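S.K.: A single structure is presented below for examination.
Please treat every number below as a calculation from the coordinates, not as lab data. Computed from a predicted structure; not experimentally measured. Glycine also receives a Cβ, built like all others from the backbone with ideal geometry; neighbour counts cover every protein chain displayed.
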Amino acid sequence: MIQPKKYAKATKTAPKGFKSANEFFKHVFNNKEMIWMGQNTNHLHKENEIMDAMINCVESKEYYKYPPPEGLSELKKLILEDLKLEDMDILITAGGTESLYLTMNDILEPNDNVITCDPGYLIIDNFASRFSNQVISVPIYSSENDYKLTLDLVKENMNENTKIIVLIDPLNPLGSCYTEEEIKEFAKIAIENDIFLLHDITYRDFAREHFLAANHAPNNTITIYSFSKIFGMAGLRIGSIIGSNEIINSVRTILINDLGTNVIAQRGAIAAIKSKHNWLNEITNTTRNNQKLIKDCVDGINGIFIPVYPSDGNMLAIDLKATGIDPEDIANYLLKKKIFTRQGTYTSKLFGDNYLRVSFSVPEKQVKIFVKEFKKAVEVLRK
């Protein structure tokens, strides 16, 4: 008999009408007419250098070979230059998710605790729970703290066993972002208490302004970098983990993927960073206009609001609590209209019945369809 694993992953709840989460994702993935506003993926890239680089990699049959286990040197150099962290060390990983797992696995001991926030990216909590004694998920869904983790909230919840403070910046699902002064404060508390900041910057390039904790606490910060969002490469699973040489040397000892990360994705990632100046403004202009279309829609409906606007990510939350509408019901309604969104329970254990999360890095015409159908959904479900 196979025994359950000590750190077994929590089972994902299948949406209504589906036997499993995998069956649900297979449904939305295979439906070519689906408007994809449920996973913060970026659908705004046109045929460009990124695609060409990957096609060239395939045509040259470079993928026959294993790449260097820590990543292509050119890619590592480009990421560090992109962040202006050339003095740091780096490993290429199979997406930011692998970087998050490696961080928790390497740093945490059984007596440690980790401070995260709710709402937040619950996969981080899941990973932290496997290697620590406790995950302290701090409620932040309030205008009193600008819908983000604050220094005061951290001080209220940390103790002598706190090892990691997690900053998702900008925050999935709300789009809240940290100021430079706030980042400096977190860096100071990390240094003074000899603990780590896990700075997940997956949505950094969508933000109006963004500041790196590594600039203020280089020896206490682990930076998580992903190509899934602004670069539009979610399905290629590529990212990196960045830290001091001491931190990254320690992570090297627990690498599982020692035959390297997808070389086709790495070639695409190299081209993505090199070409970013050509397309970044167009994508951010589109996303900012798209979220304004959503905001104008929401402002015209009684009983709902957007907690954080403008969002500094490519997603936002729409609070439905006052209407009495269950976010799961509206997500299911929209799914029947071929619009994929996510109910709040995907990113919050405490406030999941408050909001619907909607990402908007899709063509404007699709956002206009969403706006139209969302209005209808509220009218129908209110009745």
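S.K.: Taking neighbour Cβ counts within 10 Å as the exposure measure, how do Tyr203, Tyr346 sort from fewest upward?
M.R.: Details: Tyr203 26, Tyr346 21.
Taking fewest neighbouring Cβ atoms as first place, the list is Tyr346, Tyr203.
S.K.: Could you tell me what percent of the DSSP beta bridges with both partners in the chain are antiparallel, to the nearest 5? Could the numbers behind the result be given before it?
M.R.: Values: 17 of 37 bridges.
Looking only at bridges with both residues in the chain, the antiparallel portion is about 45 percent.
S.K.: For a quick check: with amide H placed at 1.01 Å from N, whose amide H comes under 5 Å from Ile35's, ignoring anything fewer than 5 positions away on the same chain?
M.R.: Ile339, Phe340
S.K.: Going by C-beta contacts inside 10 Å, put Tyr121, Tyr147 in order with the fewest on the left. Spell out each step's value before the answer.
M.R.: Working: Tyr121 21, Tyr147 18.
With the fewest neighbours first, Tyr121, Tyr147 line up as Tyr147, Tyr121.
S.K.: Among DSSP beta bridges lying fully in the range 49-275, give the percent that are antiparallel, nearest 5. Intermediate values should be presented prior to the final figure.
M.R.: Values: 9 of 27 bridges.
DSSP beta bridges in the range 49-275 are roughly 35 percent antiparallel.
S.K.: Still on this structure: Given a 10 angstrom Cα cut-off, can you work out which residue in Lys19, Lys349, Lys274 is the most mobile in a GNM of the chain?
M.R.: Between Lys19, Lys349, Lys274, it is Lys19 that shows the largest mean-square fluctuation.
S.K.: For Val378, Val138, which order do you get if you count the other beta carbons within 10 Å of each Cβ and list the fewest first?
M.R.: In increasing order of surrounding Cβ atoms, one gets Val138, Val378.
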